[in-house]
Amino acid sequence: MQGLILAAGMGTRLGDYTKDKPKVMVEVQDKPLLFYALERLYEQGVTETVIVVGYRKEYIMEKCGDSYKDMKLTFVENKIYDTTNNVYSFYLASKYLTEDVLMVEGDILFSKELLDQTVAKKTDCNIVVSKYNPDTMNGTVIAADGTKATGLIIKKFQGEDFCYDNAWKTVNIYYFGQQFMEKFGKSLELYVNTGNLQNYYELVLGALIYYGDDDINIVPVDEADWFEVDDERDLMIAREHGGF
């Protein structure tokens, strides 16, 4: 099984903390965010992790080297990270993904148990989610019938009257089976060749959910099992409470 971490962005919402280093290398309890993710992937038996780099790429590559413990690290450069979004980074990485894939975004702290749940039942695609909490959450949500994902709605399509009763917040952690990953990669390529490079990979995944041809499921986890570091306030809270 391979891992995937998207780490090309600039992390501007962290202000001066990312002036000289990438967001994923900002430290919590004297340990870079990226290293928490690498440790969790290593614990799952991942043999290679593909990391998409862009902003301050040399900093990440120098600190990480070519392996984490005995897990191989493969770096893929997004040379136009400053004018593209994560759909392009994922597309670049997809060319290197030939096995089952555990994908985590590099700014999330999460428990080992969360990833245990993610891979406990291998389907075409597992999407880690928590029940939507309007007081603490914002962003892409999933609609589901039981555990089957039936829709994916990014923030800009959630209008004032959007109903969150059946909404699950994406944690930005996914399991992709090998065959589904091949299909997803081709869909990303089609989108990149015809669409807006400043959009999100979730839009492509949402289209596959809409078609209904694949076994795409949600994996509900407790909100307390993960934490996203988006801005300076998040970072202060993460540093106060420590990593998982």
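Farthest toward the dipole's positive end in the stretch 22-126, which of Y68, C125, G54, given Cβ charges of +1 (Lys, Arg) and -1 (Asp, Glu) about the Cα centre?
G54
Return the lysines within reach of K19: Cα separation strictly under 25 angstrom, same-chain partners fewer than 8 residues apart disregarded; answer none if there are no such residues.
Those lysines meeting the cut-off are K31, K57, K63, K79.
Given axes a ≥ b ≥ c from the Cα gyration tensor, I'd like to know whether the stretch 107-197 is rounded (a/c under 1.5), prolate (a/b larger than b/c) or oblate. Write down the numbers at each step before the final one.
Numbers: a/c = 1.74, a/b = 1.11, b/c = 1.56.
Oblate shape, in that a/c is at least 1.5 and b/c is the bigger or equal ratio.
Considering Cα pairs under 8 angstrom that are at least six residues apart, work out the relative contact order of the stretch 1-136 and quote it in whole percent. All intermediate terms of the calculation are to be shown ahead of the outcome.
On the way: 199 pairs, mean separation 44.8, N = 136.
That works out to 33 percent.
In square nanometres, what is one fourth of the surface area of the convex hull spanned by the alpha carbons of the stretch 192-242? If you can, show how the numbers build up before the last one.
Values: hull surface 23.6 nm².
Averaged projected area of the stretch 192-242's Cα convex hull equals 5.9 nm².
Say we join alpha carbon atoms closer than 10 Å with springs in a Gaussian network model of the chain; which of K112, K21, K69 then has the biggest fluctuation?
K69
At 1.4 Å probe size, with the rest of the protein present, what percent of the exposed accessible area of the stretch 47-119 is carbon and sulfur atoms? Could the numbers behind the result be given before it?
Details: 1360 of 3130 Å².
Answer for the stretch 47-119: carbon and sulfur cover 44 percent of the accessible area.
What's the center-to-center distance, using Cα atoms, between the stretch 166-244 and the stretch 37-57 in Å?
Distance between centres, Cα-based: 16 Å.
What lysines sit close enough to K131 to cross-link, taking a C-alpha to C-alpha distance under 21 Å and skipping anything fewer than 8 places away on the same chain?
K112, K121, K148, K155, K156, K169
With a probe of 1.4 Å, find how much accessible area the chain has per residue, and write the answer as a whole number in Å².
Working: 11550 Å² over 244 residues.
In whole numbers, the chain has 47 Å² accessible per residue.
For the chain, what does the alpha-carbon gyration tensor say about shape, rounded, prolate or oblate, given a ≥ b ≥ c as the root eigenvalues, a/c under 1.5 as rounded, and a/b over b/c as prolate?
Rounded, since a/c falls under 1.5.
Please list, ordered by chain and number, the residues whose modelled amide H lies under 5 Å from the amide H of T74; skip anything fewer than 5 residues away on the same chain.
T49, V50, I51
Percent relative contact order of the stretch 85-244, based on C-alpha pairs within less than 8 angstrom and at least six residues apart?
Numbers: 254 pairs, mean separation 64.7, N = 160.
Relative contact order of the stretch 85-244: 40 percent.
Set the Förster radius R0 to 45 Å, insert the Cβ-Cβ distance between K183 and M10 as r into 1/(1 + (r/R0)^6), and round the FRET efficiency to 0.05.
Details: r = 31 Å, r/R0 = 0.68.
FRET efficiency, K183 to M10: 0.90.
Report for the chain the percent antiparallel among DSSP-assigned beta bridges with both residues inside it, nearest 5.
Here the antiparallel bridges make up roughly 55 percent for the chain.
Is it possible to state the helix-based mean residue ellipticity at 222 nm for the chain, with each DSSP H run of 4+ residues giving -39500 (n - 2.57), the sum divided by total residues, to the nearest 500 deg cm²/dmol? What is it? Let's see the in-between values first.
Numbers: 7 runs with 75 residues, N = 244.
Rounded to the nearest 500, it is -9000 deg cm²/dmol.
Just to be sure I understand the model, the point goes 7 Å from the Cα along the line to the Cβ. What's the resulting E232 to D145 distance in nm?
Result: 4.8 nm between the two label points.
Please list the helices of the chain that count as membrane-span-like by this rule: a mean Kyte-Doolittle hydropathy of at least -1.0 together with Cα atoms stretching 15 Å or more along the helix axis, each helix being a complete DSSP H run. Mind dumping the intermediate values first?
Details: long enough: 33-43 (16 Å, 0.52); 178-194 (24 Å, -0.54); 201-211 (16 Å, 1.28).
Those that pass (Cα extent of 15 Å or more, hydropathy at least -1.0) are 33-43, 178-194, 201-211.
The values are calculated or read from the model by the stated rules, or taken from the named source; none is laboratory data. No experiment lies behind these values; they were computed from the predicted model shown. Counting neighbours? That spans all protein chains shown, and the Cβs are built from the backbone with ideal geometry, glycine included. We work out accessible area using only protein heavy atoms, side chains counted, and drop any ligands, DNA or RNA first. Shrake-Rupley method; radii C 1.70, N 1.55, O 1.52, S 1.80 Å.
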